[in-house]
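Working notes, structure below.
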Amino acid sequence: MTTYKNNLSRSGLNPTESKLTTSNVNSSSFGLLRNVAVDGKVDAQPLYLSQLSISGATHNVVFVATEHDSVYALDANSGATLWHVSLLKSAENTSGSLGCDQVIPEIGVTSTPVIDRSAGAHGAIYLVAMSLDASSHYHQRLHALDLTTGAELLGGPTEIVASVATAAGGSNVFAPSQYEERAALLLSNGSIYLSFTSHCDIPPYSGWIMSYAQSTLAQTAVLNVGPNSNNGPAIWMSGGGPAVDTAGNIYLLTANGAFETTLNAQGFPNQGDFGNSFLKISSSGGALSVADYFTLTNTLALSTADQDLGSGGALLLPDVMDSSNTVQHLVVGAGKDGNIYLVNRDSMGKFSASGNKIYQQLSGALPGGVWATPAFFNNTLYYADNGGSLKAFALVNAKLNATPQSQSAVQFTYPGSAPAVSANGAANGIVWAHENTNPGVLHAYDAANLTRELYNSKQAGSRDQFGAGNKYITPTIADGQVFLGTTNSVAIFGLL
């Protein structure tokens, strides 16, 4: 499990889980094995590697990054710390919250890292860390760490700097203090992709996407999708990661911000500002550019009301056949307005003042709004909206059914939940979801019928409690265990 939601489509599916089944995931045989303390909030999804050789011994390893600018490699079977490194330089501290309550009380590593087991001599984990030096200068840095020691690789870390031209002939310069790297990192075709959000909606900020060479940590391209704006759009997707197709095109959702309803001859906003949009970004030739997009008809009103699309993340569906036997290439997303949008990746629809030109729209399907990326398994899409139930929408003939085929009895408090799925092929599908309460709760549902709850961490009294919940958490499921980041630990569940 080397990247956010397990794969580049961001489906959240582990299809090779043979130990956990719909029969043995229950409070009699499954529960909390250990709760391993760390030095800060775990806002990034834990990552996992099996059979990794460290100091002459073989371990199953869970990698945990914290807001205290630390990275841990933990033995998944014992909880022992195999290595632990701080990403702070001498006389540095983590950043404070900068007047925003989204990431508190400190900002260090917020986004989910990415791992390449084949990089370097022992493999590498790539991540972005924020810090504040003794001269009150803020830093954003890209690190590559050796998987077996935590040592910095490639002469890193690399200081993140960037600028782009504006329509007025000036420059928009990346200011480290104004941003955090919230969306998960993407590794594709030898490049690491970063994308940045603001602290709340505190200006000035705009929409930065950057690529770095995996082998050198050198910056290779910069794109800003709000270059002429001091108020977005930011890219945060509640921690979701940009997705990528087989051609190397990158897909993400932008939040509230500038969008020019005056279009150029190609149907793009005439100054290149893409608020509230599905974006298809080309990485052809090492450059980054917007190849296609879809923007909501009411984008300006949504931005005024802070009802951004980019509160949710994008998921690429597998190729699916419609009722006329035509293969469709689709991306799905949802945001604060409570609608599910299914967009044709080959012709996304751009902007129209007369109405959304979109492949499919389910209006009001998620009435609480979405602060998460969904999961997908066995032709079923799983969403848990803010204050709502976990819902299963069937995909039939390349269209989503408007009514959920099943939903949980539990209503998930803010921000809802970012589900993940474990299965063994098409069998033993289990949907895992985290409830952001105090104490937090891990839930497991039969993927075929969400009214059937297999397990939750309250069922055995205090035995499986792991502390206060944390928002934007996605469970990681691997080799019979479930790893869950908390406000000060990583909780490890499995067969008792």
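The values are calculated or read from the model by the stated rules, or taken from the named source; none is laboratory data. In this text, all values refer to a predicted model and were calculated from it rather than measured experimentally. Ideal geometry is used to build each Cβ from the backbone, glycine not excepted, and the neighbour counts take in all protein chains shown.
Here are a few things to note about the model shown:
- Given (1) surrounded by fewer than 20 Cβ atoms within 10 Å (Cβ to Cβ); (2) in contact with a strand residue (DSSP E or B) (Cβ under 7 Å, 6 or more places away or on another chain); (3) closer than 26 Å to ARG10 by Cα; (4) of a type outside the set (Lys, Arg), number of the condition THR487 does not satisfy: (2)
- Boolean, ALA265 is touching a strand residue (DSSP E or B) at 6+ places or on another chain (Cβ under 6 Å), more than 21 Å from LEU127 (Cα to Cα) and assigned to a loop (DSSP other than H, G, I, E, B): no
- Of all the listed residues (ASN230, ASN270, ASN256), the sole one being in contact with a helix residue (DSSP H, G or I) (Cβ under 7 Å, 6 or more places away or on another chain) and more than 23 Å from SER188 (Cα to Cα) is ASN256.
- Boolean, GLY120 is under 25 Å from the mean Cα position of the chain (by Cα) and either at pLDDT below 95 or closer than 26 Å to ASN7 by Cα (or both): no
- Taking region 33-76 as the range and being free of Cβ contacts under 8 Å to residues at least 24 places away in the same chain and either acidic (Asp, Glu) or not in a strand (DSSP E or B) (or both) as the test, the residues that pass are GLY56, ASP75.
- Check on THR216, part of a loop (DSSP other than H, G, I, E, B) and of a type in the set (S, T, N, Q): yes
- Entry remark, region 207-217: residues being in contact (Cβ under 8 Å) with a residue 60 or more places away in the chain and more than 14 Å from LEU187 (Cα to Cα) number 1 in total.
- Filter result for VAL25 (over 21 Å from ARG182 (Cα atoms), at pLDDT 95 or above, outside any strand (DSSP E or B) and not small (Gly, Ala, Ser)): yes
- Scanning region 248-287 for residues that are of a type in the set (Ser, Thr, Tyr) and surrounded by fewer than 24 Cβ atoms within 10 Å (Cβ to Cβ) yields a count of 5.
- Test: THR451 is more than 15 Å from ALA44 (Cα to Cα) and of a type in the set (Val, Ile, Thr): yes
- Whether a residue is more than 27 Å from ASN270 (Cβ to Cβ) and either surrounded by fewer than 24 Cβ atoms within 10 Å (Cβ to Cβ) or not charged (D, E, K, R) (or both) was assessed, and MET348 does not pass this test.
- Applying the criterion of at least 3 residues that are closer than 30 Å to VAL103 by Cα and in contact with a Phe, Trp or Tyr (Cβ under 9 Å, 6 or more places away or on another chain) to the strands (runs of 3 or more DSSP E) found wholly in region 379-485 leaves 380-384, 388-396, 420-424, 427-435, 441-446, 476-478, 481-485.
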